[in-house]
1. May I ask you to evaluate 6.51 cos²θ - 1.76 cosθ + 1.60, the Karplus curve with θ = phi - 60°, for each residue of region 32-45 and list the ³J(HN,Hα) values in order in whole Hz, giving x for glycine and proline?
2. Sequence-distant or interchain residues sharing an amide H contact under 5 Å with residue 66, placed H: which?
3. On the principal axes of its Cα set, how long, how wide and how thick is region 23-111? Give whole Å, largest value first.
4. Between residue 39 and residue 73, with labels modelled 7 Å along Cα→Cβ, what's the label distance in nm to one decimal, could you check?
Amino acid sequence: MKHHELDQLLTLAKIGQDFPQLLSRDKRLQRWVDLLEVDPHRDLSTLHETEYQPARARAALRCDNSALSVAFDDPLLRAAGLENDTYGEAKRFFQLSDGQLHDIVCFCHFGTTVSAARTARYIRAKHIDRTAGIWARLCAFFA
């Protein structure tokens, strides 16, 4: 019998919509960071003025080549329940508040594009390495 890691099996196997959600919030966020770090120099599109949109319009926001589309392109995250690459779905799936997701994907923080590496550093510093002190998080963000 050949043994594989779970994420390897999920990418090799055909996965139905009823596949159970196996990843905790922290593991989903870590997987997103890992995906962004695959191509750290990739320029990602940002979403415009998320904070000014009515809730329904904000939930439907999306754009090609965004940090959200990087997550949705991953079979493991889709198998874990990520249904599309919209702002509202990312908010639900990654269990982020509007303010938290706004800080990750909005144009007002980065301009029209942001590197995948910077997005990954931000997610890691703010949502994964939460136990690190403020100085460690700032150093990680600006590294």
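1. So the Karplus estimates, Gly and Pro as x, are 4, 4, 4, 5, 5, 6, 4, 10, x, 8, 5, 7, 9, 6 Hz.
2. Under 5 Å from the amide H of residue 66: 45.
3. Between the extreme Cα coordinates on each principal axis of region 23-111 lie 32, 27, 19 Å.
4. Result: 0.4 nm between the two label points.
Every read-out reported here was derived from the displayed coordinates using simple, explicitly stated rules and does not represent laboratory data. Fair warning: this is a prediction, and the values are worked out from it, not measured in the lab. Here Cβ is always computed from backbone atoms with ideal geometry, including for glycine, and neighbour counts include all displayed protein chains.
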